[in-house]
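Only one structure is covered here, and it is reproduced in the block below.
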Amino acid sequence: MSVISPRPSRSLRFSEIVMLAFVGVACSALYMVWWQPYEMVSAVHPALGEAVTGIWYIASIVAAYIIQKPWVAFWAELLAAAGELLLGGPGVLQLLAYGGLQGLGAEAAFALFRYRRFDAPVLALAGVLAALTSIPLDAAFGYLTLTPGTLAIALTVRLLSGAVLAGLAGKAIVDGLVRTGVLNAYAVVRRRRDSDASMAG
């Protein structure tokens with residue numbers, strides 16, 4: 001389903017701030033748990049590790065899809081990184097830098113469409129850009145020491161992981177929550193109703 005929204009207000013309501021914080025906290029716990037499977041598959045081949053990195057971008061997609069306002073993607077990812085840090089994640093500046101860069105990448109996708117489109121292609125693009133913007137930081141930690149062939153495969157897999165595990169999986173999670181009714185107060189539901197009403201009229 002294509003979700004094209006009118007230009008949103010830039011200010012966040014209290015309920016949206018609470019939701020943003022909740023997504024950040026929930027994803028910080030997920031991110032911490034995710035280190036173990038990442039390290040296990042990375043030990044087999046770098047490209048396998050890249051296949052699961054998309055989970056680390058999902059906070060930005062989930063929060064932005066629910067709230068549909070500027071800077072939500074960025075702050076969700078940064079909050080998730082900060083929460084991961086509080087839970088014992090490795091490297092203070094490293095985690096915050098990754099969170100900020102990944103959040104900016106996802107944010108760029110929504111800004112490109114002026115925060116009016118939150119359909120599957122745009123959410124997938126947000127996941128891809130989140131994956132892409134963290135590559136310069138990875139380069140500082142030896143990522144470019146991989147052989148050219150392995151690096152090309154790893155980069156391709158990372159971008160696909162961002163599209164699928166962050167963008168499309170994030171959409172599926174939110175769509176599932178929509179069906180339960182718990183998101184009725186948020187833009188993801190409200191703007192669908194407005195769109196349906198306009199079409200009916």
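Here is how the numbers come out for the structure above:
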item	result
Residue in region 86-98 that is outside any loop (DSSP other than H, G, I, E, B), at pLDDT 95 or above and surrounded by fewer than 16 Cβ atoms within 10 Å (Cβ to Cβ) present	no
Test: residue in region 25-32 that is of a type outside the set (G, A, S) and farther than 23 Å from A163 by Cβ	yes
Residue in region 112-120 that is closer than 20 Å to Q36 by Cα and modelled with pLDDT of 95 or more present	no
Which numbered condition G49 misses (of (1) of a type in the set (G, A, S); (2) under 15 Å from A187 (Cα atoms); (3) at pLDDT below 95)	(2)
E39 vs. criteria buried (at least 18 other Cβ atoms within 10 Å of the Cβ) and assigned to a helix (DSSP H, G or I)	no
Qualifying residues in region 152-176 (those that are touching a Ser or Thr at 6+ places or on another chain (Cβ under 9 Å) and more than 15 Å from V23 (Cα to Cα)) - the one surrounded by the most Cβ atoms within 10 Å (Cβ to Cβ)	G162
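The values are calculated or read from the model by the stated rules, or taken from the named source; none is laboratory data. Being a predicted model, the structure only gives us computed values, none of them experimental. So basically every Cβ, Gly included, is an ideal-geometry build from the backbone, and we count neighbours across all protein chains shown.
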